[in-house]
1. Can you give the accessible area of Glu176, probe radius 1.4 Å, in Å² rounded to 10?
2. Val33 to Leu91: extension gain in nm, 0.36 nm per residue of separation minus the Cα-Cα distance?
3. Given H placed on each backbone N at 1.01 Å, which residues far from Asp92 in sequence or on other chains put an amide H within less than 5 Å of it?
4. Please turn the phi angles of the range 97-105 into ³J(HN,Hα) values with the Karplus equation 6.51 cos²θ - 1.76 cosθ + 1.60 (θ = phi - 60°), one per residue in order, whole Hz, x for glycine and proline.
5. Residue-wise, which Karplus ³J(HN,Hα) couplings in Hz belong to the range 64-72, taking 6.51 cos²θ - 1.76 cosθ + 1.60, θ = phi - 60°, and x for glycine or proline?
6. What length, rounded to one decimal in nm, is gained on full extension from Ala26 through to Leu75, with 0.36 nm per residue of separation minus their alpha-carbon distance?
7. Between rounded, prolate and oblate, where does the range 93-170 land on the alpha carbon gyration tensor, with a ≥ b ≥ c its root eigenvalues, rounded for a/c under 1.5, else prolate if a/b exceeds b/c?
8. With the cut-off at 1.5 for a/c, could you classify the range 65-138 from its C-alpha gyration tensor as rounded, prolate or oblate?
Amino acid sequence: MTPATLLAAGTGLAAEQKSADVTDWAARIGWVVGLALFIALVYWLMREGWKWRGTLQGDLPELPDAPDDPGPARLSMTGRYHGSTTAGQWLDRIVAHGLGTRSRVELTLTDAGLDVVRPGATDFFVPVEQLREARLDKGIAGKVLTEGGLLVVTWAHGERLIDSGFRSDHAAEHNEWVDAINSMIDNSMIDNNSTEGAER
């Protein structure tokens, strides 16, 4: 190989190396803008779907407030509220009146019912006569935990039966809550039957 050929090859190689360093900023910016627009579109569609679901659930009455004097607490716990669904349909999330908003929660069980206090979200109260069942489960509307990791309370509101999912900061408390709520429900049914029998 002659010196001239070597020089030409070296110059070509150097030019290729220099070209490789050049960045096509217009294409890169285009990709970033396109990705940002796609993410914004997905977010907007999710938000519209959430609002549409809330509109479909517009027949759900306002959530009841706790009475002024609910009585002494039987049980209380802090933890997470993971959402509410149509009873028995763990993927059919209810979003009306803020029931779809996950949040911290402070639960208090009294003789009057279940008081659900949610910092930063809508509080609600479930009167004892509207409680239907408590059980341990593993999932509800987008949240799956280990078996028995979720306290699910079934309650009646308007024409619907609703499952609400809670997780205590101390999961060992769940069994005590299930027993206490189901015992209250049984006693309430006995009292109602006795009252109906006396009226007859």
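1. About 100 Å², rounded to the nearest 10.
2. Extra length from Val33 to Leu91 when fully extended: 17.5 nm.
3. Thr86
4. Those phi angles translate into 6, x, 5, x, 7, 6, 6, 5, 8 Hz.
5. x, 8, 5, x, 4, 10, x, x, x
6. 11.4 nm
7. Since a/c stays below 1.5, the shape of the range 93-170 is classed as rounded.
8. prolate
The values are calculated or read from the model by the stated rules, or taken from the named source; none is laboratory data. In this text, all values refer to a predicted model and were calculated from it rather than measured experimentally. Keep in mind that these areas ignore ligands, DNA and RNA; they rest on the heavy atoms of the full protein, side chains included. Shrake-Rupley method; radii C 1.70, N 1.55, O 1.52, S 1.80 Å.
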